[in-house]
Amino acid sequence: MTSDKHSGVESPKALELLSDAIESLMEGFALYDEDRRLVMCNQRYKEMNKAVADLLEPGLEWEILMRETARRGVYADAIGREEEFVRERMEATDDFAHEYELRQTDGSWYHVSTHPTQLGGFVVTRNDITKRKQAEAREREGDLLIRTVLDASSAIVIMARAGDGQILYRSPAALEVFGSTKSARDHYV
């Protein structure tokens, strides 16, 4: 914070600029004090926590927020294990420096990061990684489909890295002909 050199009072303009900067972030941002109470959060943080946005007011205790997200079924990995989920989230703020991915029951995914502040509180940031997770799922589904088709085929198919020849995939027919070699180079020696 900048201070007025003569009065030692924080500049209202500096506070306004800081608040505006936090609000302009693409990430969700929340600041909790040394008592684990919400000091402030930006609108993006509320949007990313829409199921509990009604609670996100200054003074909200972190533990109450975690219990409510579990009770309201916000996170897929909390369902049926609410107490364990709350304990894990509380422990994640004990040493603060944590990063983890959370899947919400609405299908959205967030990369969450907690970091300590010098005054004993902590900051939580959230990044929406839903599109990346959806792309990864499509890629896995495509890989599985290709593998299923190739495994059912009588064609001899070997996929290997160009640089070192390490075999990444071989069809059952290729296994019969070439055996279980580690490198495609072994086939041409």
Counting only residues that are within 22 Å of E27 (Cβ to Cβ) and in contact with a strand residue (DSSP E or B) (Cβ under 7 Å, 6 or more places away or on another chain), give me the helices (runs of 4 or more DSSP H) lying completely in segment 76-189 with at least 1 of them.
82-92, 130-152
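So how many residues does segment 107-127 have that are closer than 20 Å to N42 by Cβ and either within 15 Å of the chain's Cα centre (by Cα) or charged (D, E, K, R) (or both)? Outline the logic, then answer.
Here is the first cut: in segment 107-127, the ones closer than 20 Å to N42 by Cβ are 108-117, 119, 121-127.
Then drop every residue that is not either within 15 Å of the chain's Cα centre (by Cα) or charged (D, E, K, R) (or both), which leaves 108-115, 124-127.
The qualifying residues number 12.
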Looking at (1) modelled with pLDDT under 95; (2) in contact with a strand residue (DSSP E or B) (Cβ under 9 Å, 6 or more places away or on another chain), find the lone condition where G8 falls short.
(2)
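Filter segment 162-189 down to the residues that are in contact with a Ser or Thr (Cβ under 9 Å, 6 or more places away or on another chain) and without any contact (Cβ under 8 Å) to a residue 24 or more places away in the chain, then identify the one that is surrounded by the fewest Cβ atoms within 10 Å (Cβ to Cβ). Let's see the steps before the verdict.
To start, the set of residues in segment 162-189 that are in contact with a Ser or Thr (Cβ under 9 Å, 6 or more places away or on another chain) comprises 164-167, 170-173, 187.
Within this subset, residues satisfying the condition of being without any contact (Cβ under 8 Å) to a residue 24 or more places away in the chain are 164-167, 170-173.
Details: D164: 10, G165: 16, Q166: 12, I167: 19, R170: 21, S171: 20, P172: 14, A173: 16.
For segment 162-189, the residue satisfying everything is D164.
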Residue check for E61: acidic (D, E), within 21 Å of T130 (Cβ to Cβ) and either modelled with pLDDT of 95 or more or in contact with a strand residue (DSSP E or B) (Cβ under 9 Å, 6 or more places away or on another chain) (or both)
no
Which of the residues that make up segment 132-161 are open to solvent by 60 Å² or more (accessible area, probe 1.4 Å) and not charged (D, E, K, R)?
Q134, L144, L145, I146, T148, V149, A152, S154, I156, M159
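Is at least one residue of segment 25-34 hydroxyl-bearing (S, T, Y), crowded, with 19+ Cβ neighbours inside 10 Å and on the phi < 0 side of the Ramachandran plot?
Step one: of segment 25-34, the residues hydroxyl-bearing (S, T, Y) are 32.
In the following step, the residues that additionally are crowded, with 19+ Cβ neighbours inside 10 Å were identified as 32.
With the extra rule that they be on the phi < 0 side of the Ramachandran plot, the set shrinks to 32.
Yes: one or more hits.
Have a look at G165, G142 and point out the one that is of a type in the set (G, A, S) and at positive phi. Give the derivation first.
Numbers: G142 fails: at positive phi.
Going through G165, G142 in turn, the sole match is G165.
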Considering only residues of segment 78-99 that are modelled with pLDDT of 85 or more and in contact with a helix residue (DSSP H, G or I) (Cβ under 7 Å, 6 or more places away or on another chain), which is surrounded by the most Cβ atoms within 10 Å (Cβ to Cβ)?
A78
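The values are calculated or read from the model by the stated rules, or taken from the named source; none is laboratory data. These numbers come from a predicted model, not from an experiment. Neighbour counts run over all protein chains shown; Cβ positions are idealised from the backbone, glycine included. Side chains are part of the model used for accessible areas, which takes the heavy atoms of the whole protein and leaves out ligands, DNA and RNA. Shrake-Rupley method; radii C 1.70, N 1.55, O 1.52, S 1.80 Å.
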